[in-house]
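For reference, the structure discussed in these notes is given below.
The values are calculated or read from the model by the stated rules, or taken from the named source; none is laboratory data. Because the structure is a prediction, the values reported are computed rather than measured. Cβ placement follows ideal geometry from the backbone for every residue including glycine, while neighbour counts extend to all protein chains displayed.
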Amino acid sequence: MNSGIFGRILQRLLVPLRTFRLIRTLEKIELLLHRCAALMVSVTHSCKIELVERGVPTEMIAVILNGVGCHSIFHKRKMTR
């Protein structure tokens, strides 16, 4: 089964056999939302690839990398003794 984001989360949290219908319903909702969206934002290139594999046109996906470079936050301390 090619689970979407909701499906994978629920499979980890709940018993798969008891939640099969719920997972399938959430996957259908997810795919419907993909088709209705004007633009989708992904925080990684791998998420973009997964969305494309699920049928979202690549031109509808913008990748905005998450986070801040560590070098701009953390500075090396000079060792003084």
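With the structure loaded, tell me whether ARG12 is basic (Lys, Arg), part of a helix (DSSP H, G or I) and either at pLDDT 70 or above or out of contact with any Lys or Arg (no Cβ under 9 Å at 6 or more places or on another chain) (or both) or whether it fails that test.
Taking the combined requirement at face value, the residue satisfies it.
Is the range 30-53 home to any residue that is modelled with pLDDT under 85 and not in a helix (DSSP H, G or I)? No, every residue in the range 30-53 fails to be modelled with pLDDT under 85 and not in a helix (DSSP H, G or I). Counting the residues of the range 54-81 that are surrounded by 10 or more Cβ atoms within 10 Å (Cβ to Cβ) and either modelled with pLDDT of 90 or more or not aliphatic (A, V, I, L, M) (or both) gives 6.
Cβ-Cβ distances below 8 Å connect the following pairs, each with a first residue in the range 28-56 that is more than 18 Å from GLY7 (Cβ to Cβ), a second residue that is surrounded by 11 or more Cβ atoms within 10 Å (Cβ to Cβ) and hydroxyl-bearing (Ser, Thr, Tyr), and a separation of six or more residues or different chains: LYS48/SER42.
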